[in-house]
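In what follows, a structure is listed as structure tokens, so that the remarks can point back to it.
The values are calculated or read from the model by the stated rules, or taken from the named source; none is laboratory data. As the structure is a computational prediction, the values presented were derived from the model and not from experiment. With ideal geometry, Cβ positions are generated from the backbone for all residues, glycine too; neighbour counts draw on all protein chains shown.
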């Protein structure tokens, strides 16, 4: 045990040093430095409003996971305070999430079937998810959410809502829950039991439906207390006064001591971590994507900058601490975050106030909440599940393209038929495939300079002002997925234009050139030169320059044939056209040799004082390239 704590301390120290190196920190300190009474009043008011909603939602999240509601309250306290200390967005509130909770439930099903206790699984699951998310922040994966398509995310949320509602049916029918990781199998078991059982109780069903319709009705009445909390208090009071737990099939939450087992910090065998790592990684991805998506949506509405990696760090810290604080893994909460924004919360102190208020409520009022019937929570959870479905978004997805429809329905099907961590991985793979396919569609349009000196797109070879020069505008992702497309397009040009001598690639709008794309350019340059043709590049940004140099492509193309991006509008483009015309006149039609071409232009990668050096020499800098911060304003 002492060795484990020593290693944990060393690991935390290393992580803190890495956080400092990556310029991540504690924005909360700046919040306190600039805090005022007026901000505190606004934050405290917003915290009270959000807490009223957070209490029943947190308990519902715990029920979805399959643990006592107290776990949900403790998870919310930890997430609200820790997320506020490490996070940057003033309105994002972290806590139990319906979609994350349903995945945790699936993981618990799997691990319990292998003989592991709920306490051990939740403790180490939280540690692993937290560590993975902290690593995501350190390696700056804050843009991870852009790799998950809208159709996949909508399908997963909709499928999760179906699973959440279906898993409340045993509670509403007075049947014990089924311990199987696949939702489809659980529903088959439920259907079989309903058809053959004569012990079904309709009291919990009536109580659950009464809760659902009461919440929906109360939402029609303007009130400062959320309808969900009002319904919970109403039916808890009825349960206390009339002893609803005496009715067949109705159970109540119960007290702390009876429901919260003691925590034993046993270190499981290596096989445990091998079994839980895959599900923990899937849960980390889902929690990260959901939290960052909510944060991005808030930042758009508030026009405040979003530090995505800082928010990932906050989620990781909260999840890392969820085990020791007796909670379970969390994510950003859409409803609580937007309620915080609409209620006027101004700083991250709102989350701290939420945590402190919930601690007071636990101390003072939990004995009353112990009379809360589980069928009431089941009815509440059905409302929560309906709330997380974005019907407007689904309408857009299913009416846009056939591909989006297939992906959306396929994701729902995978959630229902597979384990949820498998569904997450499948969704990630589909999203990445779609992203690569979309990014691979590089746009390469041929341009000419018209009589007024402006660039315009042409469709036919006969429209070229000079049949021996082709000027191609490269737009899109120039990475490994589009390397073959570049080579194919160049081959098309040379096959259709035997008289073609120079091909100029305008790379200003070519993004993320990687080693594969650079090697494709190197191969193109060599093949063109074998046939007495020349490749030129203009609008080369520092990233493109470095990639060309490191790959050896710069040497193959020719250092004087690569014009760097410039501050002035179309400057490198016009220089490239002039250089091409000079090459035609003095090399193709003249007596000058290709290797002796001169003079070197000021803004080429030619070896000259204050110019970029070739591979193995001095590194690329803005000063050496003549590159300016506001480079190449070519549109």
- Message: Suppose we filter 434, 368 for residues that are in a helix (DSSP H, G or I), at pLDDT below 85, closer than 25 Å to residue 47 by Cα and in contact with a helix residue (DSSP H, G or I) (Cβ under 8 Å, 6 or more places away or on another chain); which single one remains?
- Response: 368
- Query: Restricting the stretch 575-604 to residues that are touching a strand residue (DSSP E or B) at 6+ places or on another chain (Cβ under 8 Å) and closer than 19 Å to residue 541 by Cα, which is modelled with the lowest pLDDT?
  - Reply: 601
- Flag for residue 540 being modelled with pLDDT of 85 or more and surrounded by fewer than 23 Cβ atoms within 10 Å (Cβ to Cβ): no
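Looking at 386, 406, can you tell me which residue is surrounded by fewer than 22 Cβ atoms within 10 Å (Cβ to Cβ) and modelled with pLDDT under 90?
On inspection, the qualifying residue turns out to be 406.
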- Out of 544, 524, 537, report the one residue that is on the phi < 0 side of the Ramachandran plot and assigned to a strand (DSSP E or B). 537
- Query: Of the residues in the stretch 322-339, how many are in a helix (DSSP H, G or I) and closer than 22 Å to residue 52 by Cβ?
  - Reply: 6
- Hits in the stretch 190-205 (condition: in a helix (DSSP H, G or I) and surrounded by 15 or more Cβ atoms within 10 Å (Cβ to Cβ)): 190, 193, 203, 204, 205
- Across the stretch 342-358, the tally of residues that are surrounded by fewer than 20 Cβ atoms within 10 Å (Cβ to Cβ) and not in a loop (DSSP other than H, G, I, E, B) stands at 2
